[in-house]
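Input: a single structure, listed below in structure tokens.
The values are calculated or read from the model by the stated rules, or taken from the named source; none is laboratory data. Quick caveat: nothing in here was measured; it's all calculated off a predicted structure. Cβ coordinates were reconstructed from backbone atoms using ideal geometry, including for glycine residues, and neighbour counts include every protein chain displayed. Quick note on the areas: whole protein, heavy atoms, side chains included, nothing else; ligands and nucleic acids left out. Shrake-Rupley method; radii C 1.70, N 1.55, O 1.52, S 1.80 Å.
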Amino acid sequence: MALELFDSKTQSVREFVPKAPGKVSMYVCGPTVQSAPHLGHLRSALVYDLLRRWLEANGQRVTLVRNVTDIDDKVLVNAAAANRDWIEFAGEVEKTFDEAYRSLGIAEPTHTPHATQHIADMIALVESLIAKGHAYQAEDGSANVFFDTASWSQYGELTNQKLENMEGELENTFGKRNVHDFALFKAHKEGEPESASWDTPWGKARPGWHIECSAMAKHFLGESFDIHGGGLDLRFPHHENELAQSRANGDAFAKFWIHNALVTIQGQKMSKSLGNGVSVEQLLEVGSWAAIRYWLSSSQYRSNLDYTPTSLSDAQAALDRISGFIKRAKLQTGSTNVPLPDNFVTAMNSDLNVPGAIAVIHETVRAGNTALDANDINTVTTCLSQVVQMVEVLGLMLGVAKEIDPALTQKIEELITLRAEAKANKDFSRADQIRDELTKLGVTLEDLPNQTIWSING
RNA sequence: GGUGGAGUGGCUGAGCGGCCCAAAGCAGCAGCCUGCAAAGCUGUAAAACCACGGGUUCAAAUCCCGUCUCCACCUCCA
């Protein structure tokens, strides 16, 4: 079965066929680096990481572009509030995103363009739009440049809206012809840093938010590409405007629009503006990065994902079940190359049903555990191989190879040996005493029929 | 006012016309294992009348109509 994805422009599930066989081009809206990431940003990045992994697992060569919006009103405002140079500020915030992505096992995109490095591309695109009659310099003579929504009859096609039904800004400001027109370039304002504007044919200005994605997508992927992704909250106006700009310019733009649903907390959207975001620091107090990744994968990407106090501990418990099987099975056998289970493939191909795919992992773990009990090594080998490969595709086992201080390892193993001796001598109070000691070190013991294995920090 | 989406067991969360008297995980319970166990495993066991009311169909959680509730977007947000 082929991969089917929900295209939010046509609002239908369609078979995904890349325009160039074997190659997939994807553009994903990355963060505006105005403040540190919260769960929602991580979910978004993870969704496209999973899509990319699945495409690659199926032999596609994926070119993934994820931009960084490093010039924007909020960046300037937040930098000023922190009394910092905005460029440094944006760079630092970006680092916190990179760090979180890396820790979550999200692979680096093929390209990570920054808005400030593609001003020339944007100017060229805007000049072209003006020449085609779809954009204009502000009526008030400022360096503001707007997209002329009235000139583009298909405006609203992405979100199925009509201009006359839309609420607009109450006041028509900055020299727009129409309240729904949106900025392509914003004129330099008094009090803003000189470094935050560029010389353009219309005067000193900085780019509007939407134009960067159109320009950078075209720069890296061409006029037409396969997939455009981003958070559901970007559908309008951001993606609608991107589409309008690019299409009005004559570019075919994205063939599939993918929108990931949001992370909620108590049923409400987690967002910077609501200030209810759960930060990475807060999460790491209750769970590991692996638990965060597992949890973020545990709902289909088009469903909301509600954060509850037990979310991460539930995820950690489920993950421990999988890693426990892998660890035990590896003591008995190795893994070989086997095909992924059909159910797993079907789930992944069904609009990236990752929770369905995870269910298959658990089913396979159960089968493997049963086989371990029955000493059925052939089945154990098959299950282990399948689990390892599925886990690999989903990138679930973060930090499996985490390093432990060799001296500590030695101490732990000595204690385990002493405990085994005590047990052999039926000195159980001594054995329990040693076990307590290990518990204090954060070590959990697991007594197997013929040996004791251990893990650290739960 | 407009445009989308959602309501499934104690919790999380799949399924979207028959394989569903509803996957999977967590919690719980029972059993196994164990010197014991806070660890591990298993479940032929238990737990959901799939928001509510109508309808279509041989067959509905899944389709249609109505009602209620909730969420998102139309302003910066993944």
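For the stretch A:406-456, the square roots a ≥ b ≥ c of the C-alpha gyration tensor eigenvalues yield an a/c of 1.5 or more together with a/b exceeding b/c, which makes the shape prolate.
Using C-alpha pairs below 8 Å separated by at least 6 residues, the relative contact order for the stretch A:406-456 is 24 percent.
Nearest 0.05, what FRET efficiency do A:GLN410 and A:GLU164 give at R0 = 60 Å with Cβ-Cβ as r? Plugging the Cβ-Cβ distance into 1/(1 + (r/R0)^6) gives 0.20.
Using a probe of 1.4 Å on the protein chains alone, the accessible area found for A:LYS411 is around 100 Å². The stretch A:305-414: which GluC sites (Glu not before Pro) are DSSP loop and have at most 10 other beta-carbon atoms within 10 angstrom? For GluC sites (Glu not before Pro) across the stretch A:305-414 that sit outside H, G, I, E and B with at most 10 neighbouring Cβ atoms in 10 Å, the list reads A:GLU403. The helix-only estimate of mean residue ellipticity at 222 nm for chain A, built from DSSP H runs of length n ≥ 4 each weighted as -39500 (n - 2.57), is -14000 deg cm²/dmol after division by the residue total. Taking other residues whose beta carbon is less than 9 angstrom from the beta carbon of A:LEU104, and scoring Lys, Arg as +1 and Asp, Glu as -1, yields +1. Over the stretch A:287-394, Cα pairs under 8 Å with separation of 6+ residues give a relative contact order of 31 percent. When peptides A:52-58, A:124-130, A:420-426 are sorted by average Cβ neighbour count within 10 Å, with the highest value leading, the order is A:124-130, A:52-58, A:420-426. Summing Cβ point charges (Lys, Arg +1; Asp, Glu -1) relative to the Cα centre of the stretch A:406-456 gives a dipole of roughly 60 debye.
Here the stretch A:95-142 and the stretch A:150-213 have alpha carbon centers that stand 14 Å from each other.
Relative contact order of chain A, taken over Cα pairs closer than 8 Å and 6 or more residues apart, is 15 percent. Candidate cross-link partners of A:LYS440 among the aspartates and glutamates, defined by an alpha-carbon separation under 14 Å and a same-chain spacing of 8 or more, comprise A:ASP432. For the pair A:ALA80 and A:LEU331, a Förster radius of 60 Å applied to the C-beta separation gives a FRET efficiency near 0.55, rounded to the nearest 0.05.
Distance cut-off 31 Å, Cα to Cα: go down the list A:LYS9/A:LYS204; A:LYS176/A:LYS272; A:LYS23/A:LYS186; A:LYS95/A:LYS132 and report the pairs above it. As for pairs spanning more than 31 Å Cα to Cα, those are A:LYS9/A:LYS204; A:LYS23/A:LYS186; A:LYS95/A:LYS132. Of the residues A:GLN316, A:THR333, A:THR364, the one whose Cα sits farthest towards the positive end of the charge dipole of the stretch A:312-399 is A:THR333 (charges of +1 on Lys and Arg Cβ, -1 on Asp and Glu Cβ, taken about the Cα centre).
Overall, the accessible surface of chain A at a probe of 1.4 angstrom is composed of carbon and sulfur to the extent of 49 percent.
Rolling a 1.4 Å probe over the protein heavy atoms gives chain A an accessible area of 46 Å² per residue. Give the angle, between 0 and 90 degrees and rounded to the nearest 10, that separates the Cα long axis of helix A:377-394 from the longest principal axis of the Cα atoms of chain A. The answer is roughly 20 degrees. What you get for chain A, charging only the Cβ of Lys and Arg (+1) and of Asp and Glu (-1), is a dipole of about 920 debye around the Cα centre. Quick check: net charge around A:GLU88, other residues with Cβ under 12 Å of its Cβ, Lys/Arg +1 and Asp/Glu -1? The answer is -2. Per-residue packing, averaged as other Cβ atoms within 10 Å, sorts the ranges A:192-198, A:355-361, A:227-233 into the order A:227-233, A:355-361, A:192-198, beginning with the highest. Summary of packing: across the peptides A:320-327, A:17-24, the per-residue average of other C-beta atoms within 10 Å ranks them, highest first, as A:320-327, A:17-24.
Computed from Cα atoms, the angle from the helix A:39-57 axis to the main principal axis of chain A rounds to 80 degrees. Considering only A:GLY59, A:ALA120, A:VAL77, the residue lying farthest towards the positive end of the dipole of the stretch A:30-157 is A:GLY59, judged by Cα position with unit charges set on Cβ.
With axes computed from alpha carbons, what is the tilt in degrees of helix A:354-374 against the longest principal axis of chain A, rounded to the nearest 10 within 0 to 90? Tilt relative to chain A: about 10 degrees.
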